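Engineer: Please see the structure below; I have some questions.
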Amino acid sequence: MKKWERILFGGDYNPNQWPREIWKEDMRLFKKAGINSATVNVFSWAKLQPSEEIYDFSELDAIIEMLSRENYDIVLATSTAALPAWMVKRYPEVARTDFNGIHHKFGERHNACPNSPIYQKYSRALAGKLAERYGNNSHISCWHVNNEYGGICYCENCEKAFRVWLRKKYKTLEALNKAWNTEFWGHTIYDWDEIVVPNALGDGFGDDKTAFAGLSIDYCRFNSDSILENFKAERDAIREFDKETPITTNLMGTYKQLDYFKWAKEMDVVSWDNYPANDTLWSLTAMRNDLMRGLKGKPFMLMEQTPSQQNWKPYNSLKRPGQMRAQSYQTLAHGSNTIQFFQLRRSIGGCEKFHGAVIAHAGTENTRVFRETAQLGKELQLLSPYVLKTVNQAQVGVLFDWENYWAIEYTSGPHKDLRYVDQIHSYYEYFYDRNISVDMIPADADFSRYKIIAAPLLYMVREGMAPALEKFVREGGILLTGFMSGIVDQSDNVHLGGYPGPLRKLAGVWVEEIDALAPDQANTIVFEDGCESSCGMLCDIMHLEGAQCLARYGSDFYKDTPAVTKNKYGKGYVYYIGTVPEKSGLYRILDQAVSEASVEAPFRDSLLEITCRKSEKEELWFLINFRPEPQPLPECFAGKEDLLSGKTVLIGDTLSQYEVRIIRSPL
Ligand code: GLA
Ligand code: ZN
C-alpha cells in the first residue's frame, strides 16, 4: 500500500466551480499557504456523466493534470454522493423514501437509496471508470469514496432487501417472532412478505422510534450494512484497476446511523470530518478523534474542518485567532496524520457560500485566515518527519458500541433525555481532564492491553460480552460500569432474573428498580466519609450481593441504600455507579479507580491538554491551552526542545489561550 511521506495539508478543492484563470491563481496561493494536497471531484457526478450513455472526463483530466504537475498529493473522490438530475427523473427509485413514507424528488445530496439496483450499478461503474483512468497516477495518494455516507431509506427496494437480510439472519419466522417479541400487541408475522420497514405509517412510535425496538435496531444494522455494501462495491471497482492506493470514505465522529467499527474493517484508512460548534467541549472533540483512531487502532486522516466558520449551525461564529491552529494540533495529538479543510476556495453561490475557506471571497492572501493557514502549513512541513513516525498509546479503554447506541436511543423509557454519546463522554471527560490517554474501543477489543475498561451504559449485553469482561476483571483489570447496564440481549429483550443480568455476578449487586428523575429533580450520593454529591436522571435501587458500598442515596424512599459499589472479582474490581452523579462525585469515584489500577497520570493536575505520540526512539508531547487563562507548563518539560519554536522550554513558561507546544523527548 502507498505511504505518504508528508503530513497531507490541504482539503476540498472545487476548481470545477471556477473559470480556468482562477486555477492558476489557486496554484500560486496554495503554494504560499504550504498546501500540498487537494481533495477533488467530490460532487461532480452530473458533469462526469451528463446522461445515461455519456461520460466526459475532460475537465477532471485537466484538474488532475495540473495538480500532478504541481506535485500535490491528490485525494480523489468518486462523486457518488449526489445524484444527477437525469438519473432521478428516469429512475425515481434511486431517490429515498423517508420515515414518513414520502418518496423524495431530485435534489439535495446524500440522497441515494442504498438498495436501488440502478444506483448500485452506476455508482460502481463511475468508481471503476475513475480508477481505470487515474489509478496509475502516482500523485493520487488516497481514494475518497462517496462523501459522508449516512441517512436511512425506507423505500420498497429497501423493504424487500430487509426481508432478505432478516431471512439470512433468523432463518425461520419463529426465530424472528421470538427476537422481536411480536406476541406483544399480536404482531406475529406468518410470511416474510408481511414484514414492514419501521416507519410512521407502520410501527412508528415517536419521531423515529417504533413500538418494537428489536425491529428498529435490526433496521439500523441492516441500513448500516446496506450502505456499507455501496462503499464496498465502489472500493472493489477501484481495486480492479488500482492495487496500491489507500481507499477511505469520510466518517463523522459519533454519527449514529453507521456502525463505524464494522465499517473500518473494510477501509484502508479511517478519515473523518471534524466540525465542533463554538460551544462544543474540547473533550468531546478529543473523544471523537480518539474514536476515529480507535476504529482501526491506527493513525487516521482529518478529511475536513473549517478554517474559520460553518454555515449550517444556528450561529456560525468565527474561529478566534489561533483557534484553528490549536484545533489542528489537537487532531494531530490524538492520532491524525493529515490536516485538511473544507474548503480551499469559498464558493460564489449555493448554501455554502458563507462557509469558511482558506481563500475568502476577497480572493487574496491578505486575510487573517489565510495567514493562519500559511503559518500552520509551514509548521507542518517541519513536523512531518517527527509526527508520522509516532502513534498513541493508552492504559484506559472506553467502550463505544453502536448497537448499544441504537438500543438506548430506540428504546422507550425509562428516561427520554438519556443520550448514549453524552454518557460515554461524561466518563471520557474525566480521563481527558486528568490528561490520561484513552483508547476508544469496540466490544470485541483485546481488553488485556488495558488496566481500566470503562463501559458505562452497557445496556445491551450480547453473547460473549459478559465472559470477556469477566476474564478481564478476573485477571486483574478494573471495570467501570453502572446504571442501565446488562439489561437486554441483542434483540432488546430483557435478560430475566434481575438486573444487571449477565453482569450481576461480576458487579456483585442486584438492581431491583430504576427510578427516573425529571430535569428539575435530584437526589444525592453520600460517601462513607460523609461527603455528598448531587445526582439525577436515573437511580438504580440495589442490593449488595458481595459488593462493598462506596456511597448511598441521601434522600427519597431509597435513602441509605447503595448508589455506588465496588466488587472484588478474581484479581480485579468492578465499580458500579448506579446513577448520574455530578462531576465532582463521578471524579471522586474514578480517581479511586485510577489510583487502584496504577494508571500513569503524571499531568493529572495540569489544566493544559497534554497528549503523547510515541515512536520507539522518542516521545512527542502536545501541550495545548484551551482555557481563557494562561496556564503554566509542567516543570518536567524545562530544558527540552519545543519543535514549533525551536526554543528550549524554561521553568515558569506559560501558554495563553490556544497556544501550543510540541515537545520532543528522546526515550
Ligand atoms: C460536510 C461535507 C462537505 C461540506 C461541509 C460543510 O462535511 O462533507 O461537502 O458540505 O460539510 O461544513
Ligand atoms: Zn431504499
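Engineer: Based on Cα coordinates alone, diagonalise the gyration tensor for the range 322-461, multiply each eigenvalue by 5, take square roots, and list the semi-axes in whole Å, largest first.
Structural biologist: That gives 37, 23, 12 Å for the three semi-axes.
Engineer: Considering the dipole of the range 396-597 built from charges on the beta carbon (Lys and Arg +1, Asp and Glu -1) around the Cα centre, which of TYR569, VAL494, MET542 is farthest to its positive end?
Structural biologist: The listed residue farthest towards the positive side: TYR569.
Engineer: Could you please report the charge total around ALA77, scoring K, R as +1 and D, E as -1 over all other residues with beta-carbon less than 12 angstrom from its beta-carbon?
Structural biologist: Numbers: positive: none; negative: ASP12, GLU148, GLU234, GLU304.
Result for the neighbourhood of ALA77: -4.
Engineer: How about LYS31: which aspartates and glutamates have a C-alpha closer than 18 Å to its C-alpha, ignoring those fewer than 8 places off in the same chain?
Structural biologist: Those aspartates and glutamates meeting the cut-off are GLU5, ASP12, GLU21, GLU65, GLU70, ASP73, GLU365, GLU372, GLU379.
Engineer: Just how many % of Cα pairs in the range 396-597 lie over 26 Å apart, if you round to the nearest whole percent?
Structural biologist: Numbers: 4962 of 20301 pairs.
Distances greater than 26 Å cover 24 percent of the Cα pairs.
Engineer: Modelled label-to-label distance, ARG90 and ASN493, 7 Å Cα→beta-carbon offset: nm?
Structural biologist: With each label point 7 Å from Cα toward Cβ, the separation is 4.8 nm.
Engineer: If you filter the range 503-560 for GluC sites (Glu not before Pro), then keep DSSP loop positions with at most 12 other Cβ within 10 Å, what is left?
Structural biologist: Values: sites: GLU512, GLU513, GLU528, GLU532, GLU545; in loops: GLU528, GLU545.
Listed in order of number, the matching sites are GLU528.
Engineer: Spelling out what I want: for every residue of the range 294-301, take phi, set θ = phi - 60°, compute 6.51 cos²θ - 1.76 cosθ + 1.60 (Karplus), and round to whole Hz; glycine and proline get x.
Structural biologist: So the Karplus estimates, Gly and Pro as x, are x, 4, 10, x, 8, x, 10, 10 Hz.
Engineer: Tell me, what HN-Hα J-couplings in whole Hz come from the Karplus equation 6.51 cos²θ - 1.76 cosθ + 1.60 at θ = phi - 60° for each residue of the range 130-147, using x for Gly and Pro?
Structural biologist: Here the 3J(HN,Hα) series is 5, 5, 5, 7, 10, x, 9, 7, 5, 7, 7, 9, 6, 9, 10, 7, 6, 6 Hz.
Engineer: Let me ask something else about it. Could you compute Rg(Cα) / (2.2 N^0.38 Å) for the range 103-236, with N its residue count? Working shown, then result.
Structural biologist: Working: Rg = 18.0 Å, N = 134, 2.2 N^0.38 = 14.1 Å.
Expressed relative to 2.2 N^0.38 Å, the Cα Rg reads 1.27.
Engineer: With a 1.4 Å probe and all protein chains left in place, how much accessible area per residue does the chain have, in Å²?
Structural biologist: Details: 27030 Å² over 667 residues.
Heavy-atom accessible area per residue stands at 41 Å².
Engineer: What whole number of Å gives the distance from the Cα centroid of the range 45-107 to the Cα centroid of the range 204-232?
Structural biologist: Distance between centres, Cα-based: 26 Å.
Engineer: Along the positive direction of the dipole of the range 609-666 (beta-carbon charges: Lys, Arg +1; Asp, Glu -1; about the Cα centre), which of PRO632, GLN657, SER645 reaches farthest?
Structural biologist: Most positive-ward Cα: SER645.
Engineer: Given LYS2/LYS378; LYS471/LYS566; LYS168/LYS232; LYS89/LYS209, which pairs have Cα atoms separated by over 21 Å? Write out the running numbers ahead of the final one.
Structural biologist: Details: LYS2/LYS378 24 Å; LYS471/LYS566 17 Å; LYS168/LYS232 19 Å; LYS89/LYS209 31 Å.
With Cα atoms farther than 21 Å apart: LYS2/LYS378; LYS89/LYS209.
Engineer: For the range 452-537, rounded, prolate or oblate, judged on the Cα gyration tensor with a ≥ b ≥ c (square roots of eigenvalues), a/c < 1.5 rounded, else prolate if a/b > b/c? Don't jump to the answer; show the numbers that get you there.
Structural biologist: Working: a/c = 2.32, a/b = 1.37, b/c = 1.69.
Oblate shape, in that a/c is at least 1.5 and b/c is the bigger or equal ratio.
Engineer: To continue, here is another question. For the range 565-645, what is the convex hull volume of its Cα atoms per residue in Å³?
Structural biologist: 154
Engineer: Give, in nm to one decimal, the length gained when the segment between LYS571 and SER347 is fully stretched (0.36 nm per residue of separation minus the Cα-Cα distance).
Structural biologist: Working: separation 224, 0.36 × 224 = 80.64 nm, distance 6.01 nm.
Result for the pair: 74.6 nm of gain on full extension.
Engineer: Using the Cα centre as the reference, give the magnitude of the dipole from point charges on the C-beta atoms of the range 609-666 (Lys, Arg: +1; Asp, Glu: -1; all else neutral), rounded to the nearest 20 debye.
Structural biologist: Values: 8 positive and 10 negative charges, 28 e Å.
It works out to roughly 140 debye.
Engineer: Also: Give, in nm to one decimal, the length gained when the segment between LYS31 and LYS313 is fully stretched (0.36 nm per residue of separation minus the Cα-Cα distance).
Structural biologist: On the way: separation 282, 0.36 × 282 = 101.52 nm, distance 3.11 nm.
So the chain would gain 98.4 nm between LYS31 and LYS313.
Engineer: Now, a different point. Starting from the Cα of ASP446, step 7 Å toward the Cβ, then list every residue of the range 600-626 with an amide N under 19 Å from that point.
Structural biologist: Inside the label zone: 614-616.
Engineer: Here's another thing I want to ask about it. Write out the GluC sites (Glu not before Pro) in the range 1-41 meeting two conditions: DSSP loop, and at most 15 other Cβ atoms within 10 Å of their Cβ.
Structural biologist: Numbers: sites: GLU5, GLU21, GLU25; in loops: GLU5.
Answer by residue number: GLU5.
Engineer: Expected output is a single nm value to one decimal: the length gained when fully extending between PHE241 and SER665, i.e. 0.36 nm times separation in residues minus the C-alpha distance. What is it? The partial results should precede the final answer.
Structural biologist: On the way: separation 424, 0.36 × 424 = 152.64 nm, distance 4.34 nm.
Residue separation times 0.36 nm, minus the Cα-Cα distance, leaves 148.3 nm.
Engineer: Provide the FRET efficiency to the nearest 0.05 for the ASN278-ASP520 pair, computing r from the beta carbons and using R0 = 22 Å.
Structural biologist: Values: r = 28 Å, r/R0 = 1.25.
Approximately 0.20, to the nearest 0.05.
Engineer: Tell me the volume per residue, in Å³, of the convex hull enclosing the alpha carbons of the range 284-367. Working shown, then result.
Structural biologist: On the way: hull volume 8.9 nm³, N = 84.
Enclosed volume per residue, from the Cα hull, is 106 Å³.
Engineer: If exposed means no more than 11 neighbouring beta carbons inside 10 Å and the site is in a DSSP loop, what's the longest run of the chain without any exposed trypsin sites (Lys or Arg not before Pro)? Let's see the in-between values first.
Structural biologist: Values: sites that count: LYS3, LYS171, LYS243, LYS265, LYS416, LYS571, LYS617, LYS647.
After excluding every exposed loop site, the longest remaining stretch is 4-170.
Engineer: Calculate, for SER615 and TRP192, the FRET efficiency according to 1/(1 + (r/R0)^6) with r their C-beta to C-beta distance and R0 51 Å; round to the nearest 0.05.
Structural biologist: Details: r = 55 Å, r/R0 = 1.07.
The value I calculate is 0.40.
Engineer: If you don't mind, another one. Put +1 on the Cβ of each Lys and Arg and -1 on the Cβ of each Asp and Glu in the chain; which of ASN289, THR481, GLY151 then has its Cα farthest toward the positive end of the dipole?
Structural biologist: ASN289
Engineer: Determine the distance separating the Cα centre of the range 291-349 from the Cα centre of the range 512-569; give it in Å without decimals.
Structural biologist: Here the two parts' Cα centres lie 41 Å apart.
Engineer: According to a simple spin-label model (label point 7 Å from Cα along Cα-to-Cβ), what is the distance in nm between SER656 and LYS171?
Structural biologist: Distance between label points: 6.9 nm.
Engineer: Within the range 540-646, which chymotrypsin sites (Phe, Trp or Tyr not before Pro) sit in a loop by DSSP and count at most 16 neighbouring Cβ atoms inside 10 Å?
Structural biologist: Values: sites: TYR553, PHE557, TYR558, TYR569, TYR573, TYR575, TYR576, TYR587, PHE603, TRP621, PHE622, PHE626, PHE637; in loops: PHE557, TYR558, PHE603, PHE626.
Within the range 540-646, the qualifying chymotrypsin sites (Phe, Trp or Tyr not before Pro) (loop, at most 16 other Cβ atoms within 10 Å) are PHE557.
Engineer: With each label point set 7 Å from Cα along the Cα-Cβ vector, what nm distance links GLU21 and LEU644?
Structural biologist: If labels sit at GLU21 and LEU644, their model points lie 4.0 nm apart.
Engineer: May I ask you to give the percent of accessible area on the chain that is carbon plus sulfur, with a probe radius of 1.4 Å?
Structural biologist: Details: 13840 of 27030 Å².
Carbon with sulfur: 51 percent of the solvent-accessible area.
Engineer: OK, next. Just the number, please: Stokes-Einstein D of the chain in µm²/s, Kirkwood Rh from C-alpha pairs, 4 °C, 1.567 mPa s. Before the final figure, lay out the partial values.
Structural biologist: Details: Rh = 26.7 Å.
Here the translational diffusion coefficient equals 49 µm²/s.
Engineer: Quick check for me: using +1 on Lys/Arg Cβ and -1 on Asp/Glu Cβ, what's the dipole size of the chain about its Cα centre, in debye to the nearest 20?
Structural biologist: Values: 76 positive and 88 negative charges, 380 e Å.
Dipole size: approximately 1820 debye.
Engineer: Listed here are the pairs LYS451/LYS571; LYS265/LYS296; LYS129/LYS243; LYS3/LYS47; LYS121/LYS169; which of them are more than 19 Å apart at the Cα? Mind showing how you got there, number by number?
Structural biologist: Details: LYS451/LYS571 12 Å; LYS265/LYS296 7 Å; LYS129/LYS243 15 Å; LYS3/LYS47 31 Å; LYS121/LYS169 25 Å.
Those over the limit are LYS3/LYS47; LYS121/LYS169.
Engineer: The range 609-666: Rg/Rh from Cα coordinates, Kirkwood Rh? Write down the numbers at each step before the final one.
Structural biologist: Values: Rg = 11.0 Å, Rh = 11.5 Å.
Across the range 609-666, the Cα-based Rg/Rh ratio is 0.96.
The values are calculated or read from the model by the stated rules, or taken from the named source; none is laboratory data. Only a predicted model underlies this, so the values are computations on that prediction, with no experimental measurement involved. With ideal geometry, Cβ positions are generated from the backbone for all residues, glycine too; neighbour counts draw on all protein chains shown. Surface accessibility is based on the protein's heavy atoms, side chains included, excluding ligands, DNA and RNA. Shrake-Rupley method; radii C 1.70, N 1.55, O 1.52, S 1.80 Å.
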